[in-house]
1. Choose one answer from GLN80, GLN117, GLN173: the residue with the largest mean-square fluctuation in a GNM of the chain with alpha-carbon springs under 10 Å.
2. If I model segment 1-151 as equal point scatterers sitting on the Cα atoms and use the Debye formula, what is log10 I(q)/I(0) at q = 0.10, 0.14, 0.19, 0.20 Å⁻¹?
3. Nearest-5 percent of antiparallel DSSP beta bridges in segment 30-150?
4. Over segment 25-134, average the accessible area per residue using a 1.4 Å probe and give it in Å², no decimals.
5. Among (1) 160; (2) 147; (3) 124, find the value of volume of the Cα convex hull per residue in Å³ that was calculated from the structure presented, and write down its label.
6. Could you compute Rg(Cα) / (2.2 N^0.38 Å) for segment 1-43, with N its residue count?
7. So which of LYS47/LYS100; LYS81/LYS136; LYS24/LYS240; LYS25/LYS180 end up more than 27 Å apart, counting from Cα to Cα?
8. Could you pull out every one of the aspartates and glutamates with an alpha carbon less than 15 Å from that of LYS166, ignoring same-chain neighbours closer than 8 positions?
Amino acid sequence: MKVITINVCGIRASQKKGLFEWLKKTKADFICMQETRALEDQISDNKFSIKGYDRYMNVAEKKGYSGVAIYTKHKPMSVQKSFSKSIFEKEGRFILTEFKDFDIISVYFPSGSSSDQRQLLKYKFMDLFEKYVKDKIKNKREMIICGDYNIAHTKDDIKNWRSNQKNSGFLPQEREWMTKLINKIGMRDAFREKCKKSDIYTWWSNRGNAYNNNVGWRIDYQMVTTNFSKIIKNASVYTKTRYSDHAPLIINYDT
C-alpha cells in the first residue's frame, strides 16, 4: 500500500507545474494534500481528476486559504471533516476517510509565524489534536495521519537549527509535543522508522536559494499507529521535480 502526502501550496498552482501527471504515474493507494486553497467548483474539471480515484475535500470558509484533500482508490465507509468543535472547523484543516481496519487522515497544522496570537492558536490546535489521537488509540483504531505539521521535530529535521530555536516551527514546546506524540501517546514517525539521515527535508523557503542549497525543514509527516510502523517497507521524499515549496513524502506499507 502506497501513501503520499504533500502540501501543494495551492492545488491549481501545483497542477500547472505538472503535479497530477506525476501523481498518475505513482499509482498510490492514497494521496493526502494540504493547503489546497480552492473551492470544489474551482477544480471540477478533468485536470484535477485521477482516473480510478475518488476525491474528498474539506474547504476553508475563507477563499484561497488552507484546505485539505484525500484522493483514494478505495471507497471509504465514511468521511469526517472535524476532530473537535472549534474555530479550526472553519479553516478546513482536517479530513478523515474511514475504512474497515484503519483510517487515513490529512491534516494541516496552523503556522504560528505570523503573530503571537496565531502561535497560541497553534498550541490550541495541538492540544485538541492530541486529545483526539489519544481517544482513537484508546479505542484501538489504526491510523495513518498524513500532513504538514509545521513542526521540525529534532535538530536532524532542520538545516539551521541553532538560528531557528526561537522561531515558530522549532520552538521547544512544539518539539516536546512531537516527542510526547511518539514516546507517550504511541504514534510513530513513519519516515524516521526507516531513515535516520539528517539532510532530508520536505520544505524549503522561497528565499535565499534555500532549495538549491538544501536549507530546509522536515515538517511533513506520516504519523502511524504501532501496527503500521511494523509494516513500513520504505520511505522517501521526492525532490526530482518541484510542484510546491513542499516535497511529496512517500511511504510504502506491506499490506
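1. Taking springs between Cα atoms under 10 Å, the residue moving most is GLN117.
2. Cα-only, vacuum Debye calculation for segment 1-151: -0.34, -0.67, -1.20, -1.31.
3. Details: 18 of 24 bridges.
Here the share of antiparallel DSSP bridges comes out near 75 percent.
4. Working: 5380 Å² over 110 residues.
On a per-residue basis, segment 25-134 sits at 49 Å².
5. (3)
6. Details: Rg = 10.5 Å, N = 43, 2.2 N^0.38 = 9.2 Å.
My calculation over the Cα atoms of segment 1-43 gives 1.14.
7. Working: LYS47/LYS100 31 Å; LYS81/LYS136 15 Å; LYS24/LYS240 16 Å; LYS25/LYS180 37 Å.
Beyond 27 Å between Cα atoms: LYS47/LYS100; LYS25/LYS180.
8. ASP116, GLU174, GLU176
The values are calculated or read from the model by the stated rules, or taken from the named source; none is laboratory data. This one's a predicted model, so the numbers in the text were calculated from it and none came from an experiment. SASA here: full protein model, heavy atoms, side chains in, ligands and nucleic acids out. Shrake-Rupley method; radii C 1.70, N 1.55, O 1.52, S 1.80 Å.
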